[in-house]
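**Q** Please see the structure below; I have some questions.
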Amino acid sequence: MRIAIVGAGAVGGYFGGRLAAAGSDVTFVARGRHLEALRTRGLRLESPKGDLHVHRVHATDDATTVGAVDAVLFTVKLYDVDAAAAFLPSLIGTDTIVVPFQNGVDAVGMVTRAVGRSHVAAGVAYVAAVATEPGVIRHTAMDHLIFGELDGVRSPRLERLLNACDAAGFQATLSDHIEVDLWAKFVRLAVFSGMTSVTRTPIGPLRDDPDLWAMFQAAVLEGMAVARAKGIALSAAVFDEIGAMAQSLPASAKSSMLEDLERGRRLELPWLSGGLVRIGGEVDVETPIHRFIATVLKPHVDGRTRL
């Protein structure tokens, strides 16, 4: 299967590296020092599942040289979606599927404007990973991709992607209710990112403090209320699942937004807690905890203020 990874950072690098090592024909569309490292030293994954070094990596900064592929895993940060979407048309063939794996719920619409609805699925990535240096991804917990056609049909093209993921040794699920999965991840990630970032702590101290844990749980309920007001059928079980996820993570686990905050990078805040505040306003649902998170972290959104 020919797969293009647009955005070869922590998420794209990790899953793309596993796919390439398992025999898929993977091309990374990257830039800068990361591209140079991929070309000269390959891609190295450091993982509790076992370290992996893909010595020969296909990587380019010019998507027009790649040609049509079977699937595109679109894994750039949310603030880069519009710019990176310009790379997509040259990768599109008759049956190509683009799967956005951004956090939040805005990316599907943004990618659809670039390539058309018939070429777009939706995706959810659960992985704790960070690019520690160019060409090196440190993976600490979870590695699960969920994807599905927007109309819920189990298509042959996504069945092929599922088979490639299974061969690569990470968990993959082909969903027939991807919008619910997308919102469940949105609520979960907005809380995890927001709470770890606003407290500047990994999950362990946060879940061990009764007051912070109560705040975490209340933030989950805010997100679920917004989802339901939007007509998304999140079950009550999502609350327990999010709590169980937080309890199962290593105490040292950090959200990618906290990692970005600590490194003085741009934040995805406007699409996470900020996104819940915005959408909550549209459906007349109050989100005071997420509003607090979005307000307190606002000075750091553009990465200008370093810790």
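**Q** Full-extension gain between HIS177 and HIS144, please, as 0.36 nm times their residue separation minus the C-alpha to C-alpha distance.
**A** Net length gain for the segment: 10.3 nm.
**Q** Quick one: putting +1 on the C-beta of Lys and Arg, -1 on the C-beta of Asp and Glu, what dipole do you get for the chain around its Cα centre, in Debye to the nearest 20?
**A** 760 debye
**Q** So, one more: What is the sum of charges, Lys and Arg at +1 and Asp and Glu at -1, for the other residues whose Cβ falls under 14 Å from the Cβ of LEU174?
**A** Once positives and negatives cancel, what remains is -3.
**Q** For GLU241 and ASP211, compute 0.36 nm times the residue count separating them, minus their Cα-Cα distance, and round to one decimal in nm.
**A** The span from GLU241 to ASP211 would gain 8.8 nm if fully extended.
**Q** Something else: Quick one: pull the percent of accessible area on region 168-307 belonging to carbon and sulfur, 1.4 Å probe, ligands and nucleic acids left out.
**A** Carbon-and-sulfur percentage of accessible area, whole number: 53.
**Q** In Å, what Rg and Dmax follow from the Cα atoms of the chain?
**A** 18.5, 54
**Q** Sticking with this structure for a sec: How about LYS49: which lysines have a C-alpha closer than 21 Å to its C-alpha, ignoring those fewer than 8 places off in the same chain?
**A** LYS254
**Q** I need the trypsin sites (Lys or Arg not before Pro) found in region 65-165, filtered to DSSP loop residues with at most 16 other beta carbons within 10 Å of theirs.
**A** On the way: sites: LYS77, ARG113, ARG117, ARG138, ARG154, ARG157, ARG160; in loops: LYS77, ARG154.
Hits after loop and neighbour filter: ARG154.
**Q** With every protein chain left in place, what is the accessible area per residue of the chain in square angstrom, probe 1.4 Å?
**A** Counting only protein heavy atoms, the per-residue value for the chain is 41 Å².
**Q** Quote the FRET efficiency, to the nearest 0.05, computed for HIS58 versus VAL153 with a Förster distance R0 of 51 Å and r equal to the Cβ-Cβ distance.
**A** 0.95
**Q** Contact order normalised by length for region 122-203, with contacts defined as Cα pairs under 8 Å and 6 or more residues apart; what percent is it? Let's see the in-between values first.
**A** Values: 103 pairs, mean separation 22.2, N = 82.
RCO, region 122-203: 27 percent.
**Q** May I ask for the Rg/Rh ratio of region 46-146, computed from Cα atoms with Rh as the Kirkwood radius, given to two decimals?
**A** Working: Rg = 14.7 Å, Rh = 15.0 Å.
A ratio of 0.98.
**Q** For region 193-301, what percent of Cα pairs sit more than 17 Å apart?
**A** Cα-Cα pairs in region 193-301 separated by more than 17 Å: 54 percent.
**Q** In nm, to one decimal, how far is the GLU46 label point from the ALA229 one, both placed 7 Å along Cα→Cβ?
**A** Roughly 4.3 nm, to one decimal.
**Q** Compute the orientation-averaged projected area for region 1-98 from the convex hull of its Cα atoms and round it to one decimal in nm².
**A** Numbers: hull surface 24.5 nm².
Directional mean of the projected Cα hull area for region 1-98 stands at 6.1 nm².
**Q** Normalised by the number of residues in the chain, what is the relative contact order in percent for Cα pairs under 8 Å and 6+ residues apart?
**A** 15 percent
**Q** Give me D for region 262-306 in µm² s⁻¹, whole number, from Stokes-Einstein with Rh from the Kirkwood sum over alpha-carbon pairs, 10 °C and 1.306 mPa s.
**A** In µm²/s, the coefficient rounds to 147.
**Q** Still on this model: Who wins for biggest fluctuation among VAL108, VAL72, VAL54 in a Gaussian network model of the chain, springs between alpha carbons below 10 Å?
**A** Largest GNM mean-square fluctuation: VAL54.
**Q** For region 236-280, what is the convex hull volume of the alpha-carbon atoms per residue, in Å³?
**A** Working: hull volume 3.4 nm³, N = 45.
Expressed per residue, the convex hull around the Cα atoms of region 236-280 is 76 Å³.
**Q** In the chain, which helices (entire DSSP H runs) extend 15 Å or more along their own long axis, judged by Cα positions, while averaging at least -0.5 on the Kyte-Doolittle scale? Mind dumping the intermediate values first?
**A** Details: long enough: 10-21 (16 Å, 0.73); 156-168 (18 Å, -0.14); 178-199 (31 Å, 0.92); 210-229 (29 Å, 0.78); 237-248 (16 Å, 0.59).
Flagged H segments are 10-21, 156-168, 178-199, 210-229, 237-248.
The values are calculated or read from the model by the stated rules, or taken from the named source; none is laboratory data. Keep in mind that this is a model prediction, so the values were computed, not measured. Don't worry about glycine lacking a Cβ; one is built from the backbone with ideal geometry, like all the others, and counts go over all protein chains shown. With ligands, DNA and RNA removed, areas are computed over all heavy atoms of the protein, side chains included. Shrake-Rupley method; radii C 1.70, N 1.55, O 1.52, S 1.80 Å.
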